[in-house]
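Derivation of every value follows stated rules applied to the coordinates shown; laboratory data play no part. Being a predicted model, the structure only gives us computed values, none of them experimental. All Cβ positions, even for glycine, are placed from backbone atoms using ideal geometry, and neighbour counts span all protein chains on display.
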Amino acid sequence: MKDQFRFFLAGIFIGISELLPGISGATVALMFGVYEKLLEFLRKFKNLNLIMPLLFGMITSVFLFSSLINFLYDNYTNTFNFFIALLMVVYGVFLVINTYLNGSIQKGMRFYINISISILVGIFLTSFTYNYENFSLNFYFLITIGFIACSFLLFPGISGSAFLLSVGAYSTIIGSISSLNFDVLIPFGMGMLFALFLMPRLISKAYIKFGKSILVFFGGLIFITGTSNLFSLIYLV
């Protein structure tokens, strides 16, 4: 019962995180210690007794808080972004240090190469921008952005909502959730389902090949994403 409540609580915060540009749902899953169980379920459909409370928490938070989060984000954008970015910087550093000290990982040069690659990937992903105003919001485009956004949901460090914001589709998607606009939600959801099928298998293969070193990579991504967001806020000020 204790584990089920933890997974439900994790689901609540994962759902909220996906409504907020800046923090990945997978990052929250790592914080609550449910990430590997979630991947295992998506690959093998195991641990259903734990995943059902998590999914219920996610769905509940998305539909209960989408309008509130949209209002608060529109009116207190900088405050939201600052605390989210600060949280990501602190947790990224903690994840790297904790894994280095307590995890069975390859250290020395391999460790620094791992960190360097994660930082370079993070810089590339956080600098990506594309405005879709000249691109029609058609069925296939919605599938594509649904796939990418959900992939980021499963990949710690980069927020699916931040991606939607970068392509100019955030307000459309969050508004469609609030108003239950199924013309947008159905193709977007189809893209998410494709990602849910494919990405857990790819990430699990990375775990098998690299072991706990993958957490160092995730920590670097989370750190650089949070740092990038902080610099963006300072630049705006």
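Each residue, F197 and Q106, gets one label point 7 Å from its Cα in the Cβ direction; the gap between the two is 3.4 nm. Our estimate of slack between L64 and T144, defined as 0.36 nm per intervening residue step minus the Cα-Cα distance, is 26.2 nm. Principal axis extents of the Cα atoms in segment 176-237, from largest to smallest and rounded to whole angstrom, are 43, 40, 12. Rg and Dmax over the alpha-carbon atoms of the chain stand at 17.3, 52 Å.
Provide, for q = 0.11, 0.14, 0.25 Å⁻¹, the log10 of I(q)/I(0) from a solvent-free Debye sum over equal Cα point scatterers in segment 1-92. Debye curve over Cα of segment 1-92, log10 I(q)/I(0) at q = 0.11, 0.14, 0.25 Å⁻¹: -0.33, -0.52, -1.22. Per residue of the chain, the DSSP helices (runs of n ≥ 4 H) give a summed -39500 (n - 2.57) that works out to -27500 deg cm²/dmol at 222 nm. Shape analysis of segment 14-63 based on the Cα gyration tensor places the equivalent ellipsoid semi-axes at 19, 13, 8 Å, largest first.
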